1. Restricting the search to the stretch 126-145, which residues are aliphatic (A, V, I, L, M) and touching a strand residue (DSSP E or B) at 6+ places or on another chain (Cβ under 8 Å)?
2. Any idea which of E100, E105 is more than 16 Å from N128 (Cβ to Cβ), modelled with pLDDT under 75 and either basic (K, R) or not in a helix (DSSP H, G or I) (or both)?
3. Quick one: would you say A32 is modelled with pLDDT of 75 or more, within 54 Å of the chain's Cα centre (by Cα) and surrounded by 10 or more Cβ atoms within 10 Å (Cβ to Cβ)?
4. For the stretch 238-266, which residues satisfy the criterion of being part of a loop (DSSP other than H, G, I, E, B) and within 19 Å of A56 (Cα to Cα)?
5. Restricting attention to strands (runs of 3 or more DSSP E) lying wholly within the stretch 118-219, give those where 3 or more residues are surrounded by 15 or more Cβ atoms within 10 Å (Cβ to Cβ), in contact with a Phe, Trp or Tyr (Cβ under 7 Å, 6 or more places away or on another chain) and modelled with pLDDT under 90.
6. Looking at (1) in contact with a Lys or Arg (Cβ under 7 Å, 6 or more places away or on another chain); (2) crowded, with 16+ Cβ neighbours inside 10 Å; (3) closer than 30 Å to K194 by Cα, which is the one condition that is false for T108?
7. State whether the residues of the stretch 76-91 include one that is of a type in the set (D, E), surrounded by 13 or more Cβ atoms within 10 Å (Cβ to Cβ), free of Cβ contacts under 8 Å to residues at least 60 places away in the same chain and in a helix (DSSP H, G or I).
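The values are calculated or read from the model by the stated rules, or taken from the named source; none is laboratory data. All values reported here derive from a predicted model rather than from experimental measurement. Virtual Cβ from ideal backbone geometry, glycine too; neighbours counted across all protein chains shown.
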Amino acid sequence: MESSFQENTFILIMVIGILIMLALALAFIIFANFSQKKILVEQMRNREMAYRHQEALLHSTILVQEKERKRIARELHDEIGSKLNVIFLNMHRLKKYGPEYPEIETITSEVNSIIDKTINVTRRISHNLLPPTLEDFGLTEAIKELQYSIQQAGDIKIEFETIEKVQRIEDKTIELNLYRILQELIHNSINHGKASNIFISLKTTPSEIHLTYEDDGIGFDNLQIENQKGLGLKNIESRAQMIKADYQLSSKPAKGMIFKLNKNEL
């Protein structure tokens, strides 16, 4: 009787011990899973913070770039441009003595030619940095001016399509960022895509903006990480985020590139 009681007691102790061990193992598993989840959440939070920090730095860099471009453009126009014009006028005054001194006439003609070219280059650089047409007449006219200047300078055709009575975008920050995005896309099409034809479509309403850009260049695989990290594409992404616009970019080797941007709630 006593032996049977001892056996039952031993079995009970064994069962309790096993249950305790199972409970401890279960607690350890739960704790490990909780710790792993906590570590993953923390890693994701750190990555998100790092991404936001990089995004903020890029936004800040873009704002600084625009401020510096504005300053340089005004200095080129107001300081260098005006001084070149004064020199140009004085050279014309000096040229009056040319008939008496042939050497002076030759020298003044050469200098005038150089000054004239320098004035044109200065004006072009100033316009690229801060297009006066964009500030004075809006994005549509600025795109037309950009279209004309690029077609005059190279062997590339740009087709620009817009609605007959396009709605002027009131927010100049949005206009400027859209213009810079187009400049970046055109730069990529010419210098990297080796495109011959570019198509741009702009449609605006009081509440929406739809921008489409296509080229027939050599294209690239936009799914590859190294292509996604290009500074040009990062600038485009950052500018789209700054104006709270959605965009899609698709490209394949030998298939050109298509870029579409949409912004609602102006």
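1. Within the stretch 126-145, L139, I143 meet the criteria.
2. Of the residues listed, the single one that is more than 16 Å from N128 (Cβ to Cβ), modelled with pLDDT under 75 and either basic (K, R) or not in a helix (DSSP H, G or I) (or both) is E100.
3. Considered against the rule, which asks whether it is modelled with pLDDT of 75 or more, within 54 Å of the chain's Cα centre (by Cα) and surrounded by 10 or more Cβ atoms within 10 Å (Cβ to Cβ), A32 comes out as no.
4. I243, K244, A245
5. It comes to none.
6. The one condition T108 does not meet is (3).
7. No - not one qualifying residue is present in the stretch 76-91.
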